[in-house]
């Protein structure tokens with residue numbers, strides 16, 4: 001630890017008197033009082049009345065000292081005790097044998113006592129006074145005014161010298177005991193402080209849950225590894241690891257189960273790595289793995305293989321077997337950079353690329369990812385502007401009843417017409433809107449616009465058409481989503497029965513109680529719930545029973561091959577039969593020819609949509625389409641007979 005020069009404050013504290021123990025002051029006071037009472041008795045026996053007088057005065061002052069100490073004025077008592085002893089000893093010296101008197105022998109003890117219990121200024125003044133008294137005694141002796149003579153019998157001198165020695169020993173022993181206790185206490189406090197610092201450092205640099213290094217320590221180690229790698233010419237790899245669908249586990253089983261899973265993941269990762277490798281937990285379900293001293297990048301594949309094997313076995317969480325997959329992003333120094341922040345950013349981008357590739361895989365960083373991220377940032381910024389400038393549009397793809405091909409509603413689809421780039425596909429900007437958090441604002445706007453347009457259809461005489469609006473899984477995480485839906489319906493004056501919310505199966509895999517209650521509140525307003533792209537997700541039939549679902553939408557991937565692939569036909573047949581058993585309606589997506597339409601009719605599919613009738617069109621074009629199907633003419637937003 002680096003030493004520092006004492007500050008003025010430290011110096012002031014060093015000059016302050018020690019903390020006084022009233023018990024110790026009382027003990028010293030009684031010892032000194034006993035000594036002077038003994039001296040009074042001895043001088044009375046020797047008929048040295050002047051000395052008796054001075055000793056009696058000192059005894060009185062010491063008694064006052066003990067009283068002040070009992071009143072809680074220990075510091076004042078000590079100062080009075082030092083002054084009384086100094087005056088008493090000097091008086092004994094002048095009234096006794098001068099320079100040959102035993103009193104000056106106690107001067108050093110008094111100085112030590114004052115130095116240990118008094119302030120430095122008092123001690124310096126005491127030394128000066130005692131030295132002056134010795135000089136005065138010497139001057140009086142030399143002038144013959146008060147000659148220094150030895151007139152005490154040997155036994156008296158022996159007694160007094162022995163008494164001074166014993167008292168000196170007692171006082172010094174008391175002071176040394178106090179110092180020893182103080183040093184012991186300070187040493188204990190120092191050790192406790194060191195342990196506290198070590199514990200604080202451990203807490204600051206480690207993850208509270210898993211005990212693994214945290215982001216701070218991981219950065220520090222990576223800095224050291226990069227320096228070592230540059231000196232040795234070896235490769236350093238950084239792996240970002242994220243648990244796939246961890247939020248689903250947290251929401252389904254609870255945060256305690258999620259923590260238990262993280263602990264097991266930490267143990268497995270540690271077991272799969274070398275002793276020289278580092279695994280750190282940097283956030284909720286994200287880990288960083290540092291691989292130092294690699295001869296070639298091919299060694300990374302070995303580590304990736306060990307990690308994948310570690311996750312092949314199921315984890316036991318609350319008595320349940322849970323299979324967990326991970327997505328990993330890998331960056332390598334010096335190839336991809338030699339700066340800590342750059343490498344961590346690169347590994348993070350590579351990990352998200354692995355997520356985009358379908359999860360449960362790994363991806364090495366590629367410089368092109370930076371361009372992709374920059375493009376995503378530009379799109380996110382452009383989305384904010386688009387929402388403010390009215391560049392977003394809601395298009396509608398008609399939905400028809402297959403039996404009579406009557407228009408029964410439309411699916412609202414978001415389109416972005418960029419002033420410079422033209423139409424930007426939803427598959428490009430919707431994921432970015434979800435990652436940036438803009439999906440809430442955009443989703444609310446689409447819902448409000450679709451409700452307003454649906455109410456205009458009704459006002460124009462188009463009938464009781466239903467509008468279907470896609471809902472992002474992120475929107476369903478808002479506890480007040482039902483309030484948002486109700487506000488959109490109320491603002492447009494649209495009845496709840498005219499609105500259908502389309503949810504993807506991925507929105508429902510958690511199947512939490514909160515989600516079930518949320519959908520129930522929405523359904524109580526008359527709003528219908530549809531499962532979009534049914535059959536392509538998890539197809540967990542249990543949520544069809546527990547959640548307020550009204551309709552299933554068969555994904556176009558099955559509809560496209562229904563005339564050519566018996567498996568697709570069998571799947572569509574199974575979905576329609578199951579829906580009938582559950583009392584659910586069915587709508588088929590992607591109908592593009594009459595043969596597909598006829599085959600779906602034969603499978604008892606009630607409704608559908610697709611290019612066979614119309615692609616998604618603007619609001620006015622949709623009104624034209626409905627009017628044309630009815631043999632009417634669109635006249636200022638309404639239908640009239642043609």
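Where a number appears in this text, it was derived from the coordinates with a stated rule and is not lab data. Values in this document were obtained by computation on a predicted structure and should not be read as measured data. Virtual Cβ from ideal backbone geometry, glycine too; neighbours counted across all protein chains shown.
Sorting 415-427, 439-451, 245-257 by average packing, meaning the other beta carbons within 10 Å per residue, from highest down gives 439-451, 245-257, 415-427.
For residue 276 and residue 325, a Förster radius of 25 Å and the Cβ-Cβ distance give a FRET efficiency of 0.40, rounded to the nearest 0.05.
Quick one: order 90, 578 by neighbouring beta-carbon count within 10 Å, fewest to most.
On the way: 90 21, 578 15.
Taking fewest neighbouring Cβ atoms as first place, the list is 578, 90.
Between residue 27 and residue 366, the modelled label-to-label distance comes to 8.2 nm, taking each label 7 Å out from Cα in the direction of the beta carbon. Identify the residues of region 74-92 with backbone N under 16 Å of a label point that sits 7 angstrom from the Cα of residue 67 along the Cα-to-Cβ direction, or state none. In region 74-92, the label zone of residue 67 (backbone N under 16 Å from the point 7 Å along Cα→Cβ) covers 74, 76-78, 80-81, 84. If one computes the Cα centroid of region 452-471 and of region 586-617, what distance in Å separates the two points? If we compute the Cα centre of each part, the gap is 21 Å. Each DSSP beta bridge with both residues in the chain is either parallel or antiparallel, and the antiparallel ones are about 60%.
Tell me, in nm to one decimal, what length is gained between residue 135 and residue 525 on full extension, where the rule is 0.36 nm per residue of separation less the Cα-Cα distance? Value of the extension gain: 129.6 nm. On a 0 to 90° scale, report how tilted helix 120-143 is relative to the longest principal axis of the chain, with both axes built from alpha carbons and the result rounded to the nearest 10. Its long axis makes an angle of about 10 degrees. Computed from Cα atoms, the angle from the helix 22-45 axis to the main principal axis of the chain rounds to 0 degrees.
Below 8 Å between Cα atoms, with a sequence gap of 6+, how large is the relative contact order for the chain in percent?
The value is 8 percent.
Using the Cα gyration tensor of region 267-398, with a ≥ b ≥ c the square roots of its eigenvalues, what is the shape: rounded (a/c below 1.5), prolate (a/b larger than b/c) or oblate (neither)? Taking the square roots of the gyration eigenvalues as a ≥ b ≥ c, region 267-398 is oblate.
How big, in percent, is the set of alpha carbon pairs in the chain lying more than 48 Å apart? Before the final figure, lay out the partial values.
Working: 102715 of 205761 pairs.
Percentage above 48 Å: 50.
FRET efficiency for the pair residue 573 and residue 630, taken as 1/(1 + (r/R0)^6) with r the Cβ-Cβ distance and R0 = 41 Å, rounds to 0.80.
What angle do you read, to the nearest 10 degrees and between 0 and 90, between the alpha-carbon axis of helix 426-436 and the longest principal axis of the chain? That works out to roughly 20 degrees.
Distance between the pseudo-spin-label points of residue 615 and residue 417 (7 Å out from Cα toward the beta carbon): 1.4 nm.
Extension gain residue 234-residue 314, at 0.36 nm per residue separation less the Cα-Cα distance, in nm? Before the final figure, lay out the partial values.
On the way: separation 80, 0.36 × 80 = 28.80 nm, distance 3.56 nm.
Full-extension gain reported as 25.2 nm.
Counting other Cβ atoms within 10 Å as a rough exposure proxy, the listed residues 190, 345 run 190, 345 from fewest neighbours to most. With contacts taken as Cα pairs under 8 Å and at least 6 residues apart, region 215-366 reaches a relative contact order of 30 percent. A Förster radius of 45 Å, combined with the Cβ-Cβ distance separating residue 550 from residue 375, puts the computed FRET efficiency at roughly 0.70.
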